[in-house]
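Below is one structure, written out as structure tokens; comments come after it.
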Amino acid sequence: MTDTNPNIEDVEAFRLRARAWLPDNMPPRQEGVGHFRDFDRGRELQKRLYDGGFAGVCFPVEYGGLGLTLEHQQALDEETIDYAMPLVLNVPTFTIIGGTLLEFGTEAQKQRYLPPIIRGEEVWVQFLSEPTCGSDLASLAMRATLDGDAFVLNGSKIWSSGAHAADYAICVARSNWDVPKHDGITVLIVKIRQPGITVEQIIDTNGGDEFCQEFFDDVRIPVENVIGPVDGGWTVVRGLLAHERNAMGNASPLSSGRWLTPTETGRSDLMELAMTSGQSANPEIRQLVAEDYALRYVQDETTRRVGTGMASGHLPPTAGALLRLMGARAGVRRSDIALTIAGSSAAAWHTGDPAGQMGSRYVGRQAVEMGGGTTEMQRNLISERLLEMPREVAADRGVPFNEVRHNAMPARGNKG
Amino acid sequence: MTDTNPNIEDVEAFRLRARAWLPDNMPPRQEGVGHFRDFDRGRELQKRLYDGGFAGVCFPVEYGGLGLTLEHQQALDEETIDYAMPLVLNVPTFTIIGGTLLEFGTEAQKQRYLPPIIRGEEVWVQFLSEPTCGSDLASLAMRATLDGDAFVLNGSKIWSSGAHAADYAICVARSNWDVPKHDGITVLIVKIRQPGITVEQIIDTNGGDEFCQEFFDDVRIPVENVIGPVDGGWTVVRGLLAHERNAMGNASPLSSGRWLTPTETGRSDLMELAMTSGQSANPEIRQLVAEDYALRYVQDETTRRVGTGMASGHLPPTAGALLRLMGARAGVRRSDIALTIAGSSAAAWHTGDPAGQMGSRYVGRQAVEMGGGTTEMQRNLISERLLEMPREVAADRGVPFNEVRHNAMPARGNKG
Amino acid sequence: MDLDLSEDQEFFRDTTRKFLESEIPVERVRKLADDPGGFERSWWRRGAEMGWTSMLVPEEYGGGSLAGEGLLDLVIVAEEMGRLVSPGPLLATNVVASAVAERGTPEQQQALLPAIVSGDVIATWALCEPGGRWQSDEIGVEALAKDDGFVIRGSKEPVEAGGQVDQFLVTARTDEGLTQLLVPADADGLTVTAMESLDLVRRYAALRFEDVFVPASAVLGEAGNAAADVERQLQVALALQLAETVGAVDRIFEVTLEWMFDRFSFGRPLASYQALKHRFADMKMWHEANQAAATGAACAVQNRSENAPAVVSSAKSYVGDHATFILQECVQMHGGLGVTWEYDLHLYLRRATVNEVQYGTPREHRERIARLIGMDEETQ
Amino acid sequence: MDLDLSEDQEFFRDTTRKFLESEIPVERVRKLADDPGGFERSWWRRGAEMGWTSMLVPEEYGGGSLAGEGLLDLVIVAEEMGRLVSPGPLLATNVVASAVAERGTPEQQQALLPAIVSGDVIATWALCEPGGRWQSDEIGVEALAKDDGFVIRGSKEPVEAGGQVDQFLVTARTDEGLTQLLVPADADGLTVTAMESLDLVRRYAALRFEDVFVPASAVLGEAGNAAADVERQLQVALALQLAETVGAVDRIFEVTLEWMFDRFSFGRPLASYQALKHRFADMKMWHEANQAAATGAACAVQNRSENAPAVVSSAKSYVGDHATFILQECVQMHGGLGVTWEYDLHLYLRRATVNEVQYGTPREHRERIARLIGMDEETQ
């Protein structure tokens, strides 16, 4: 990320400086869920780190970072394991957005946008999916029409986590309809709160309101906000997705602090439920709790294996799809186990009984098979990229986008 | 199968006549496995039925049958439930071969071949699959070359059950290589024991020798043995496969006697194993034995539902694929359960310990997912025919067979 | 759905479907989510007029079925209600109606059945107890003989529609054994507490009996000897529950299959992707098996087959596992839309999940099967 | 395979692979199926020269590893042996070598280790007992103190290579607790009966101890206090077993993937069918997870991590379930060929199945995990 500077601080010195600084400056660890409701808390924690000289460790000095190495970041991660960290900013802001801006942004963009990111002042999201896209991201239909010194955006984006509470977005739009789908895409930096953009929260099956849908009506974005070439944005999108997979494999140097791994968190919620519901001696329930434990252990080890394999080049970046697939399958299995342990309490319960959450969790279990590209897309990736099996027939390959059959835009408030 | 004859015997009279005749003429029931080793026993039992006037109930009188109705056959099936019956002749001889000859055979073929079938004198098999075919039956490459009044056959057939112990086969060959694969197929009646045909038994992973491979070297088959039109045999094959699916749904009137359904056979082998290995109180083992019971019950009910649905026309004949799919999945699940109950005894056991069989059973478990067309082909059938989802792209559609990429014939004794 | 319905049954099904579609479409169900009761009495009376409460009741009390096989008619209603995730105490009320019709004294029958048939009275069965106990040998609520009557003590939960009904049938235990008692909802000493529920409109409550006195005439059947009655009630409940689940899956499978043709990805309809086609093939197979199992269970209960106990538990455990699995697959096929509140699929998944775990989970029914098929007997 | 082998380890792996491929290809394994022992002593000695028996033994007795982490070197051999379903008592002998190296007296070490390292002596661990018992608290074989020694009574089965070895390490129970004893194969009163095996070349035997006397010097470690040693041996055994299974799957996955490109159906390679591609994606994921789990387990055992007991059981239960599943999928991809005797796939499936159920089944290891993570503790 930055050339090694012979004058940089020694890793151990850095570590000790952090160890000395942390107790008086950072609050103790408190596991959150990485939800947009933590954005403000994240901004505050990041500001503290910045003031103490521990923010943007691997970001270049010229954009407000420390210009240090991955080893420095890892030392900081180890020292901060018992402290509250702005983990909610890691994805997408630091790793995906930061990585993409560093890789594809103009000098002016980097100067303008990276420092506030490192100071925790601006939180970003991604505007990728659209209601009509499904698994085929490149079939996006947000219209970007060049008008003088700006692109005029019209259309809708969806599944952006916490967009209503964020500041900026990387937005992918279609600037040319007369060429095949990958060849007419432009990536733009969009300020979220501006006239013409309406952000609506989507209520999920569990009543959660994490996801948003955005409606764009004649939104003018200056051409200097374009990342990468006009019409050539698909390369930027692919880079962005690679940063995303890296982040998932815990292999991004731009990440700061880390989540506890499942095996570090002690008793799982499933074990807790089995114990408190008086089923700890039931052999079948013991099997399920132990299966969950084993699954979490194996998932940790697999993340380590694939993450280091991608870092060392033993595995290609698409290997991240293996982690996404495994995470989804394990998540689904865990929801099933939760339902079994909860039993009839999953259907009817007294207010406050934790078993009552397990029914909702089960009803919403497929969410993990959709976020970050559906499980089916991961299987395509693994078979076609990692195993090099033949690609699926794509009826739209080489066909101008406006001649391809697309999905109709659902009416607002459509119930399907 | 035959027009209702107003002079035929009343069903109840027929039933009572059977009830009176059976005790002195048929031995008590003994469940076999439908193996070719039972062929001779089957011939003998069928001869007895024939002599007593209970053979070929729904076959026409002119070909040696009784010309009676399905209700007569069902009455006979009920009366014979406690007696040994030649069940091994039902599939393929009576139902698939009998049905196909009745539907597509010439008058002379029916006169020649049906009576010995009904008398239990001639046992038939099917020569369909070839080593190079895989799931794509119509890609068969047995060469049938017209030479005067005969076709000369060269090539190899495989997966024919008990061919070395049978008398005749329906054999499907390619008579025209210059047309698309479905348009150059001819179906022939082949006497198995004749010069030029070598039958080899295949040893399966469990040491079983049920299956055969046949090698044809310049075997001359007279043209009068052709069933259906020359080059137009694919229609016959489709008819044959429909008779097969009917038989699987217990919906063929040509079947005589029936297997006990799994829920009629009392304690399952899995329950027996759980009990004798002292695990009857183990809650997890109880779950598995009960799961097997439920699965067998549901399988019975599904066979009834789909079988009667096909008979009444509520379901198309391809619905038989549902039964085949369910049977395979249930068979696989049962092998898994068997392995779990056997535990370490599946790997190492004292001679005679029934638990020792469970390892082999598990090793050979996929056989049920292959016989009668792979599970994958059933899924294609169900999705494309029953649910009418779009057909897979076939690279050979409309292409002359000799221009299509095929599998190479494995060398004899090839280990892959 | 049984593939071989009679003409009368088909007509009945069509009428029921039309009524439900016009009177209580899914948008209406969503609105009832905020209603404390989850359904309206006036609507239930109109359903009663359609025959929803009369199928298991003799003609002399205003009941009657299409051709003498009331349960096979009633599962048609349950299945149609599943197709629209309808509210209403269909299972609850009919289990009680059936029990009273089969085991009640003429006085009990006269007091309850006409009112149930008209829809004026609704009832439910208080079987389950805290901690997921529902099997006969787990019943802990006591009924102590006192003054020509009984005093009831203990807790029942979850009780379907417990906060909405007029009448409870309580399965309790006396010194002699299982005993069932008819208890009015306003009995002294009975506290009814609403519980939370996964389903949008199906309500459950916890019942607390603190020395609730009922006269001897409240006993349904024979005191101390109700095990067979409880088994019968359980079978009726399961037959209805299974039919409802199958109906819910049937509707969603239809909708999702249609979606596969309408939705395009990479210029091709989703229905053209083999990986998805194969998953639909499996779903179709499981759904046919579910329907076969539900029909088989209803027939076994209707005909009082000897093996009905194992049959209903087999169907219950199989359908329980596979119905929700199919629905989750259907969620996946819809992508993000499938996990939004605004799309109806989760209403069906909630209903099927509730059905999976109520009146015994698949696991508990497998344990019941193990007992029924003789795993507790000595090895021979 | 660990993705980060050292250069020395890569060289060692390549040498081992070449040796196995030339000396004991699968055709040769098939021939050994008819050999009562399942392997040849002379071949084993040559393997010993390659280092197969020295990795867990100190240098003073002729042992030594590549860089001081012997188990991480040894799992490379186990994995390569899995790739060719090799015969030989690798696991059995090394578990005993490791136990003697860690806990033996100098006399015991001198008597056994050099001979094991040279391949002249082979040994095995007699742990399991009839009825699938293998956990510490299930051990029933008794060692009764008598005349400055012990009398051993009871049965051990299945014992890997029990009919082929020179030396047993027997896990027994004295009044004080678990005790391990070194017993020569020709001890008086010891009967060794060959058992049948699912594997073509891995042999098992049943041991019957009828008052077998051994002197006090036969005790390995501390009499009555062997629980920690037994745990350690189990961990070493599982690390080797897991590596072998992973190697077997790795080879078959390779072969099957190749087959998918070579085999055509409807004019297209099998590899082009999406339904099959998605199954390969799942297989690839499980296989990576299996490898990660096996590597993680070997590291935990090598490093004597505190959580090693739960780690090996986690890996064992996960790999046990998934390795055979992958192999069965590979059978299916081959069609009929996959279920013929003549095709090699079933040799691998047999090996993986044997590994799945020996030294505890996945189910038994999950029960062990439940205990290890504290499910028997009081609810807080």
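Every number here is computed from the coordinates shown, using simple stated rules; none is lab data. Source: prediction; values computed, not measured. Don't worry about glycine lacking a Cβ; one is built from the backbone with ideal geometry, like all the others, and counts go over all protein chains shown.
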task = Could you pull out the GluC sites (Glu not before Pro) across the stretch A:41-76 that fall in loop regions by DSSP (anything but H, G, I, E, B) with no more than 16 other Cβ atoms inside 10 Å?
result = none
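Quick one: grab the alpha carbon gyration tensor of chain A, order the square roots of its eigenvalues as a ≥ b ≥ c, and give me rounded if a/c is under 1.5, else prolate or oblate depending on whether a/b is larger than b/c.
Verdict is oblate for chain A.
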request  = Only Lys, Arg, Asp and Glu count, each charged at its Cβ (+1, +1, -1, -1), so figure out the dipole size of the stretch B:260-373 about its Cα centre, rounded to 20 debye.
outcome  = 280 debye
task = Determine the relative contact order of the stretch D:193-276: mean sequence separation of Cα pairs under 8 Å and six or more apart, normalised by residue count, in whole percent.
result = 11 percent
task = List the GluC sites (Glu not before Pro) within the stretch A:307-401 that fall in a DSSP loop (any state other than H, G, I, E or B) and whose Cβ has at most 14 other Cβ atoms within 10 Å.
result = A:388
ask   = Which distances in nm, rounded to one decimal and ordered from shortest, link the label point of residue D:262 to the equivalent label points in the other identical copies, with labels set 7 Å from Cα toward Cβ?
value = 4.7
remark   = Taking the dipole of chain C about the Cα centre (Lys, Arg +1; Asp, Glu -1; charges at Cβ), the one of C:81, C:291, C:338 that reaches farthest to the positive side is C:338
query = So, with +1 on the Cβ of K and R and -1 on the Cβ of D and E, and no other charges, what is the size of the charge dipole of the stretch B:11-122 about its Cα centre, to the nearest 20 debye?
reply = 220 debye
inquiry  = Cut-off 10 angstrom, C-alpha nodes, Gaussian network model of chain B. Which of B:96, B:203, B:341 fluctuates the most?
reply    = B:203
task = List the longest stretch of chain A that has no exposed loop site; here a site is one of the chymotrypsin sites (Phe, Trp or Tyr not before Pro) assigned by DSSP to anything other than H, G, I, E or B, with at most 16 other Cβ within 10 Å.
result = A:1-176
request  = Sum up the charges of everything whose Cβ sits under 12 Å from the Cβ of residue D:215, counting Lys and Arg as +1 and Asp and Glu as -1, but leave residue D:215 out.
outcome  = -2
request  = Pick out, from C:143, C:131, C:214, the residue whose Cα sits farthest towards the positive end of the charge dipole of the stretch C:124-220, with +1 on the Cβ of Lys and Arg and -1 on the Cβ of Asp and Glu.
outcome  = C:131
ask   = With +1 on each Lys and Arg Cβ and -1 on each Asp and Glu Cβ, how big is the dipole of the protein assembly as shown about its Cα centre, in debye rounded to the nearest 20?
value = 2720 debye
ask   = Cross-link partners among aspartates and glutamates for residue C:146, C-alpha distance below 18 Å, same-chain residues fewer than 8 apart left out?
value = C:175, C:176, C:188, C:210, C:211, C:222
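How long are the three semi-axes of the equivalent ellipsoid for the stretch B:303-403, computed from the Cα gyration tensor as the root of 5 times each eigenvalue, in whole Å, largest first?
36, 20, 10
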ask   = Build a GNM of chain D with springs between Cα atoms under 10 Å: which of D:176, D:231, D:288 gets the top mean-square fluctuation?
value = D:176
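Under 12 Å from the Cβ of residue A:55, count the other residues' Cβ atoms, weight Lys and Arg +1, Asp and Glu -1, and hand me the total.
Taking every Cβ under 12 Å from that of residue A:55, the sum is +2.
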note = Note to self: C-alpha centroids of the stretch B:260-280 and the stretch C:13-60 sit apart, in Å, by 45 Å
remark   = If unit charges are put on Cβ atoms (+1 for Lys and Arg, -1 for Asp and Glu) and the dipole of chain B is taken about its Cα centre, the option from B:261, B:162, B:277 lying farthest towards the positive end turns out to be B:277
query = Hey, for residue D:33 with labels 7 Å out along Cα-Cβ, what do the inter-copy distances come to in nm, ordered shortest first?
reply = 6.1
ask   = When the convex hull of the Cα atoms of the stretch C:7-121 is projected onto a plane and the area is averaged over all directions, what value comes out in nm²?
value = 6.8 nm²
task = Starting from the Cα gyration tensor of the protein assembly as shown, take the square roots of the eigenvalues, sort them a ≥ b ≥ c, and report rounded, prolate or oblate (rounded when a/c is under 1.5, otherwise prolate if a/b is larger than b/c, else oblate).
result = rounded
remark   = For the stretch B:11-122, the Cα gyration tensor yields equivalent-ellipsoid semi-axes (√(5λ), largest first, whole Å) of 22, 17, 11
ask   = For the stretch D:204-270, rounded, prolate or oblate, judged on the Cα gyration tensor with a ≥ b ≥ c (square roots of eigenvalues), a/c < 1.5 rounded, else prolate if a/b > b/c?
value = prolate
key: Summed residue charge, Cβ within 11 Å of residue C:52's Cβ, Lys/Arg positive, Asp/Glu negative   = -1
task = Taking a label point 7 Å out from Cα toward Cβ, give me the nm distances from residue B:107 to the same spot in the other copies, shortest first, one decimal.
result = 9.8
message = Using DSSP to call loops (not H, G, I, E or B), can you name the chymotrypsin sites (Phe, Trp or Tyr not before Pro) in the stretch C:320-380 whose Cβ has at most 15 other Cβ atoms within 10 angstrom?
response = none
task = Quick one: how many lysine pairs does chain B have with C-alpha atoms less than 19 Å apart and a gap of 8 or more or different chains? Give me the count, please.
result = 4
For the stretch A:234-251 versus the stretch A:138-158, the gap between their alpha-carbon centres in whole angstrom = 23 Å
remark   = chain D, Gaussian network, Cα under 10 Å: of D:271, D:237, D:99, the residue fluctuating most is D:271
